[in-house]
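Comments concern the structure below.
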Amino acid sequence: MENLMSVVEWSRLQFAITAIYHWLFVPLTLGLSVIVAIMESAYLRTKSENWLRATKFWMTLFGINFAIGVATGLILEFEFGTNWSNYSWFVGDIFGAPLAIEGILAFFMEATFGAVMFFGWNKVSPRFHLASTWLTAIGASISALWILVANAWMQYPVGMEFDPAQMRNVMTDFWALFSGIAVNKFFHAVFSGWALAGVFVIGVSCYMLWRRRNRDFAVNSIKVGAWFGLIGLLLTMYTGDGSAVQVARHQPMKLAAMEGLYHGHVGQSLTGVAMLNPDKEWNNEEDEYLFEVSIPYGLSILANHDPNTFVPGISDIVEGFSINADGDTINTVSYAERIERGKLAQKSLADYDAARKAGDKAAMEAAQKELSVNYPYFGYAYFDSVEEAIPPVGLTFTMFRVMVVLGSYFLLFFVVTLFFVYRRDLIDRFRWFYMAAMVSVPFMWICSEAGWAVAEVGRQPWAIQDLLPTCAAISDIPVSSVITTFWMFAVVFTLLLVAEVSIMCRYVEKRSKEQLYTPEKA
């Protein structure tokens, strides 16, 4: 058992570090591709060489980032087969479908039209080149769509049934994969990429202003980045609100962990600033927080859009209280009973397999009927206590607040940027703003990574919500192999990140010394 947990923990660490590095590149790809398409559209409309130079400048930075993102993304998908083979077997028919579509359709679009976008200047018509640029941006978003649909299905498994004859889940309704969680997750991720790309463009442009180079080029780019980023951030907040409602209905334990909430109330307040009590457990009488500043009725509004509704806490959910898809308070199955019913489901599966080998069809039907009744709790059978089914509250709580605080900061940042950039005297006078903009760039990535940490850490210990915990999803491989590949990937990904940042910085420094903007005649 000790070796098993070592394999589980190291496999989780390996997947986490791969996902963290991959997500450094994805949001910039999603946002910068659209900014490039917007700038090229402006060039085709105005025939201005300034817009053409801007398009090519930001297109090159997009290309550098896209290449590294592809490398980390491929490794991420391979890990499902190498480290998580039990997971792949258990739901491969379902999980593999969106990934296959992503590779066949979206990646094909990105590769084909991306090649035209980068190498098709003066080889195809301007309109066809612009169409290729937009199709590359659309392809990047479609790629994200299928990946996020697959991820959302892991959070809320629908459109399938378990086939005891195959010992695996099979798809019954493909379109069910596009659940409310999937739709909100997709738009939330894409729009957050818009916001990140906006901050990136502003930061790079402010570097030019700080070095007193290409002022007009930088100001024009800041205008595009600030408007684009502000729109993206507002839409991110809107879809985040929708995601909160979906999480409250389908993953109430995650929402409780995000708030560090153990005992819910009608008209539940939203914790603004607080310090969790490290001694608090789900079944003791310790206070939840050492101190807190809360917003009255905030969590009830966030979860249900109704200030007078009940939001369950961790202890409530463990004991069997939750809310349904309509937002109504209901009595559900307690975690202790879920563990027992999960064991019954696994016993029924074993009985079915024995009856199948014996050729006893009546016994097979009886076992299958019993299995279907208890299957929703199948994964709980792997736990020995209810504590194992509670996510890491401290990390989920902290990352949620990092995301919200930084998101609020960037809302102010975009507004201030737009105010400064449209007042020529301000953008030239307050040079401290240039440094603030450059420093803000890495913080936008921290905000983005914190959002993913909330989504993924908050659903632990599940690989598939309620059906398959991570301890049952791994491959039967030596822990030494996982440790070795973990450090290999850590080193390689770090080198790739250093290489990307170095190449981007060298490119910006070199190109900023050239004339990127030519005053145009009125």
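With protein chains left intact and a 1.4 Å probe, residues in the chain average 45 Å² of accessible area per residue. Tell me, what is a quarter of the convex hull surface for the C-alpha atoms of segment 155-279, in nm² with one decimal? Result: a mean projected hull area of 13.7 nm².
Straight-line cross-link reach from LYS280 at under 16 Å between alpha-carbon atoms covers these aspartates and glutamates, not counting any fewer than eight positions away in the same chain: GLU259, GLU288, GLU292, ASP316, GLU387, GLU388. Any lysines with Cα under 28 Å of the LYS510 Cα? List them, leaving off those in the same chain fewer than 8 positions away. In chain and number order, the partners are LYS47, LYS56, LYS123, LYS223, LYS521. Relative to the current alpha-carbon distance between VAL498 and LYS47, full extension at 0.36 nm per residue lengthens the span by 158.7 nm.
With the convex hull drawn over the C-alpha atoms of segment 341-399, the volume per residue is 81 Å³. The alpha carbon gyration tensor of segment 243-302 gives principal lengths a ≥ b ≥ c with a/c of 1.5 or higher and a/b no greater than b/c, which makes the shape oblate.
Which residues in segment 419-436 place their backbone N less than 13 Å from a point set 7 Å from the Cα of TYR409 along the Cα-to-Cβ direction? Those under the cut-off are 436. The mean sequence distance of close C-alpha pairs (under 8 Å, at least 6 residues apart), as a share of the length of the chain, puts its relative contact order at 20 percent. Spin-label pair GLU388-GLN515: with each label point 7 Å from Cα along the Cα-Cβ axis, the two points sit 7.1 nm from one another. Across segment 394-454, the mean sequence separation of Cα contacts (distance under 8 Å, 6 or more residues apart), normalised by length, yields a relative contact order of 68 percent. Each peptide in 65-71, 426-432, 143-149 was scored by the mean count of other Cβ atoms within 10 Å over its residues; highest first, the order is 143-149, 65-71, 426-432.
In this simple spin-label model, placing a label point 7 Å from the Cα along the Cα-to-Cβ direction at both ILE104 and MET167 gives a separation of 2.9 nm.
Multiply the residue separation of THR484 and ASP353 by 0.36 nm, subtract the distance between their alpha-carbon atoms, and state the gained length in nm to one decimal.
43.4 nm
Membrane-span-like helices in the chain, defined here as complete DSSP H runs extending at least 15 Å along the helix axis by their C-alpha atoms with mean Kyte-Doolittle hydropathy no lower than -0.5, are 2-46, 49-82, 85-101, 107-119, 126-155, 180-210, 215-250, 361-374, 393-421, 432-457, 479-512; this is a sequence and geometry rule, not a statement about a membrane. In plain terms, the chain is cut at each of the GluC sites (Glu not before Pro) found in a DSSP loop with at most 16 other Cβ atoms within 10 Å, and the longest leftover piece is 1-280. Counted residue by residue at 0.36 nm each, then reduced by the alpha carbon distance between them, the extension gain from ASN277 to VAL124 reaches 48.7 nm. Here LYS343 is the anchor, and the lysines within straight C-alpha reach of less than 26 Å, apart from those fewer than 8 places off in the same chain, are LYS254, LYS357, LYS361, LYS369. Here the simple spin-label model places points 7 Å from the Cα toward Cβ, and for LEU74 and ILE446 these points are separated by 3.3 nm. Positive-end ranking of ILE20, VAL8, THR46 along the dipole of segment 1-60, with charges on Cβ about the Cα centre, is headed by THR46. With the alpha-carbon atoms of segment 282-392 aligned to their principal axes, the span from lowest to highest coordinate is 64, 30, 18 Å, starting with the largest. With the gyration tensor restricted to C-alpha atoms of the chain, the semi-axes of the equivalent ellipsoid amount to 45, 28, 20 Å, longest first. For GLY320, nonlocal amide neighbours, meaning residues 5 or more places apart or on other chains whose placed amide H falls under 5 Å from its own, are TYR335.
Here the chain exposes an accessible surface that is 65 percent carbon and sulfur, computed with a 1.4 Å probe and the other protein chains kept in place. Charge dipole (Cα centre; +1 on Lys/Arg Cβ, -1 on Asp/Glu Cβ; no other charges) of the chain amounts to roughly 3400 debye.
Close amide-amide hydrogen proximity is noted between THR271 and ILE295, each under 5 Å apart and 5 or more residues distant or on a separate chain (H modeled in the peptide plane; Pro and chain starts excluded). According to the calculation over all Cα-Cα pairs in segment 427-522, the P(r) per 10 Å bin from zero is 11, 19, 30, 18, 12, 7, 2, 0 %. When each of the peptides 167-175, 216-224 is scored by how many other beta carbons lie within 10 Å of its residues on average, the order from highest to lowest is 216-224, 167-175.
The values are calculated or read from the model by the stated rules, or taken from the named source; none is laboratory data. What you see is a predicted model, and the numbers here were worked out from it, not measured in a lab. Glycine also receives a Cβ, built like all others from the backbone with ideal geometry; neighbour counts cover every protein chain displayed. SASA here: full protein model, heavy atoms, side chains in, ligands and nucleic acids out. Shrake-Rupley method; radii C 1.70, N 1.55, O 1.52, S 1.80 Å.
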